[in-house]
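Below: the structure, in structure tokens.
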Amino acid sequence: MGGGAEMSLSGDQEQALITAAFAAAEHAYAPYSDYPVGAALLFDDGAILTGCNVENASYGLALCAETVAVAKALCEGRRGGLLAVAVVGLKAGADPITPCGRCRQVLNEVAALGATDPLVLCVAGNGVGGEVRRAVLSTLLPHAFGPANLA
């Protein structure tokens, strides 16, 4: 994976991505954890696609916000071009939320299709303007595997 480690967003791009993630979290279905999460994906054409967590009484069937956003992107025909991801949780006062291991792999799958190493914005749950931790996906998921490994 390349490119993402050097990539940075403008202040306006970052703000738009974080705002979209917070808006997505407002639609979360989280009756069991009471922890709404939103994710927003920024693509190289400027498109932002969002997702929210969708819980289920059978916990293993729950979907994380990042997975929902990636599924939406793939359903819309996107194969690569992922520049950045913002993930937010609506738990007041919480530390910035990071993608779980499963979501790191799911994000890697769509990133690998375009040979990108997207920036990941991990945002605290106290609203826009809260703490943001930044990392590239390859630091969150070192030694990742994906479509290129299956050829």
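Could you say whether any residue in the range 67-84 is more than 24 Å from A144 (Cα to Cα) and within 16 Å of the chain's Cα centre (by Cα)?
The first filter runs over the range 67-84 and keeps only residues more than 24 Å from A144 (Cα to Cα), leaving 76.
From the residues that got through so far, the ones that are within 16 Å of the chain's Cα centre (by Cα) too are none.
Within the range 67-84, none of the residues are more than 24 Å from A144 (Cα to Cα) and within 16 Å of the chain's Cα centre (by Cα).
Checking the conditions here, which among E66, E55 is within 12 Å of V110 (Cβ to Cβ), crowded, with 17+ Cβ neighbours inside 10 Å and either in contact with a Pro (Cβ under 7 Å, 6 or more places away or on another chain) or in contact (Cβ under 8 Å) with a residue 40 or more places away in the chain (or both)? Walk me through it before giving the result.
Working: E55 fails: within 12 Å of V110 (Cβ to Cβ).
Within the list E66, E55, the selection yields E66.
So which residues in the range 82-133 are out of contact with any strand residue (DSSP E or B) (no Cβ under 9 Å at 6 or more places or on another chain), at pLDDT below 90 and polar (S, T, N, Q), if there are any at all?
If the condition is that a residue be out of contact with any strand residue (DSSP E or B) (no Cβ under 9 Å at 6 or more places or on another chain), at pLDDT below 90 and polar (S, T, N, Q), then N126 is the only one that fits.
Answer yes or no as to whether L41 is crowded, with 22+ Cβ neighbours inside 10 Å, in contact with a Pro (Cβ under 9 Å, 6 or more places away or on another chain) and either of a type in the set (A, V, I, L, M, F, W, C) or more than 18 Å from L90 (Cβ to Cβ) (or both). Please lay out each step first, then the result.
Details: crowded, with 22+ Cβ neighbours inside 10 Å: yes; in contact with a Pro (Cβ under 9 Å, 6 or more places away or on another chain): yes; either of a type in the set (A, V, I, L, M, F, W, C) or more than 18 Å from L90 (Cβ to Cβ) (or both): yes.
So L41 passes the test.
With part of a helix (DSSP H, G or I), of a type outside the set (S, T, N, Q) and touching a Gly at 6+ places or on another chain (Cβ under 7 Å) as the only criterion, which of V88, V68 stands out? Outline the logic, then answer.
Details: V88 fails: part of a helix (DSSP H, G or I).
The conditions single out V68.
Only residues that are under 13 Å from the mean Cα position of the chain (by Cα) and surrounded by fewer than 14 Cβ atoms within 10 Å (Cβ to Cβ): list them for the range 101-132, please.
Start the filter on the range 101-132 by keeping residues that are under 13 Å from the mean Cα position of the chain (by Cα), which leaves 101-111, 117-123.
Matches in the range 101-132: G101, R102.
Test E26 against the stated conditions and say whether it is out of contact with any strand residue (DSSP E or B) (no Cβ under 6 Å at 6 or more places or on another chain) and under 21 Å from L121 (Cβ atoms). Talk me through it step by step, then tell me what you get.
On the way: out of contact with any strand residue (DSSP E or B) (no Cβ under 6 Å at 6 or more places or on another chain): yes; under 21 Å from L121 (Cβ atoms): yes.
In short, yes.
The values are calculated or read from the model by the stated rules, or taken from the named source; none is laboratory data. If you're wondering where the values come from, they're calculated on a predicted model, not measured in any experiment. Note that we place each Cβ from the backbone using ideal geometry, even for glycine, and neighbour counts take in every protein chain shown.
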